[in-house]
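Written below as structure tokens is the structure these notes are about.
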Amino acid sequence: MVSLKKKLLFIIYVLALWGILGVFTGCNKPSTPEIDLSKVEPVTPKNNASEKPLKVAISSITSPSYSRTYYEDLLNYLSRHLHRPVQILQRRSYAEVNDLLRARGVDIAFICTYSYVIGHEEFGLELLAAPQIDGKVTYRAYVITRSDSGIHNFDGLRDRRFAFTDPMSTTGNLYPQYLLKQRGETAESFFRSHFYTYSHDNSIMAVVEGLADGASIESEIFNYLSREKPHITNQLKIIERSPEYGMPPVVVRPDLDEDTKLKVRELLLNMHLDDEGKSILQRLHIERFVPVDDSHYDGVRMLARLVRNGVAPDIKENRLAH
């Protein structure tokens, strides 16, 4: 019988070949190789101090091949308008990206909400902007299963196989951990087995391919695939929706020079005002980037406290929304 590990490796390999696009973004896990996109700076002036690359990290909200496809046009745009090369670094886990930011290994990053909350608390991580999608700057966790599974709610996943995304993921870990706390359970006591996939698209495909009976994933990735690859999401159903949380942000390390912070922020916030930027955003199904402040992520902080402290009152709709 083929082992679960081998099946997962096969699924990830198939995903890399398919090139499904994703929407944004463990401990002691190996990192993926660095991908250098410095060739996307055709207008960088010679002999200019600004030739120093802007280093951008991407959390593995989607698997590496999708992330590169997704971000390439956007980073190309930043490179041309900043007149400097851009390097993109990808890491397997959210924690590794936070470590890069802490160690000044990268300048800006596209990360998940809980990664920001932890980074802001531990080393002063700063917000630049967040994407607005369908008029909102919030998103949800979707707990999914196969349409033909016979499972209709989270309780139906008892003694089944479950795919978490990343230990630092709001939608892929914190929210299902909260559901377990509500029931006085742990992943070990509630599920027959569970594992981490380290990207939301991998979690989706684990359910589609029958490696897991359920998973908790980011709503915007599911919604994107529903538009672009409906033959995948048509095989799935949503059995639980979380309250709304602040959208995964673009962040900068706190000691980055103010001039670079300002330029990158202004480029992101004004992309929708020029034809090229608007076209890129439309392909990504993003309306625009908008400013957000730290309080936008208070709902995630509350969720983390409930899970960490083992106290799980019923979270009503919009109670955690910001």
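The values are calculated or read from the model by the stated rules, or taken from the named source; none is laboratory data. Please read all numbers here as calculations on a predicted model, not as lab measurements. All Cβ positions, glycine included, derive from the backbone under ideal geometry; neighbour counts span all protein chains shown.
Okay, residues lined up against (1) farther than 26 Å from Ile58 by Cα; (2) crowded, with 18+ Cβ neighbours inside 10 Å:
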{"residue": "Asn173", "(1), (2)": "no, yes"}
{"residue": "Leu179", "(1), (2)": "yes, yes"}
{"residue": "Ala187", "(1), (2)": "yes, no"}
{"residue": "Phe190", "(1), (2)": "yes, yes"}
{"residue": "His200", "(1), (2)": "no, yes"}
{"residue": "Met205", "(1), (2)": "no, yes"}
{"residue": "Asp213", "(1), (2)": "yes, yes"}
Check your understanding: When the stretch 149-170 is examined, which residues are found to be of a type in the set (Lys, Arg) and out of contact with any Lys or Arg (no Cβ under 7 Å at 6 or more places or on another chain)?
Key -> Arg158
Exercise for review: Quick one: count up the residues across the stretch 271-301 that are buried (at least 18 other Cβ atoms within 10 Å of the Cβ), aliphatic (A, V, I, L, M) and modelled with pLDDT of 95 or more.
Suggested key: 3
Point to revise | Failed condition for Ile144, given (1) of a type in the set (Val, Ile, Thr); (2) over 19 Å from Val250 (Cα atoms); (3) in the same structural domain as Thr113 (by TED's automatic domain parsing) | key: (3)
**Study point:** Among the candidates Asp148, Asp155, Asp166, residue that is modelled with pLDDT of 95 or more, in a loop (DSSP other than H, G, I, E, B) and not β-branched (Val, Ile, Thr)
**Key:** Asp148
Exercise for review: For residues that are of a type outside the set (A, V, I, L, M) and surrounded by fewer than 20 Cβ atoms within 10 Å (Cβ to Cβ), tally how many sit in the stretch 245-270.
Suggested key: 11
Revision key, fill the gap. With criteria (1) modelled with pLDDT under 95; (2) under 29 Å from Gly299 (Cβ atoms); (3) of a type in the set (A, V, I, L, M, F, W, C), Val86 comes up short on (2)
Study note, to complete from the structure: Note on the stretch 193-237: residues more than 19 Å from Asp148 (Cα to Cα), touching a strand residue (DSSP E or B) at 6+ places or on another chain (Cβ under 7 Å) and either in a helix (DSSP H, G or I) or outside the structural domain of Leu180 (by TED's automatic domain parsing) (or both) are His200, Ser219, Glu220
Check your understanding: If the Cβ limit is 6 Å and pairs must be 6+ apart or interchain, which residue in the stretch 218-233 that is at negative phi and loosely packed, with under 15 Cβ neighbours inside 10 Å pairs with which residue that is of a type in the set (Asp, Glu) and not in a helix (DSSP H, G or I)?
Key -> none
**Study point:** Test: residue in the stretch 115-138 that is crowded, with 22+ Cβ neighbours inside 10 Å, under 13 Å from the mean Cα position of the chain (by Cα) and part of a helix (DSSP H, G or I)
**Key:** yes
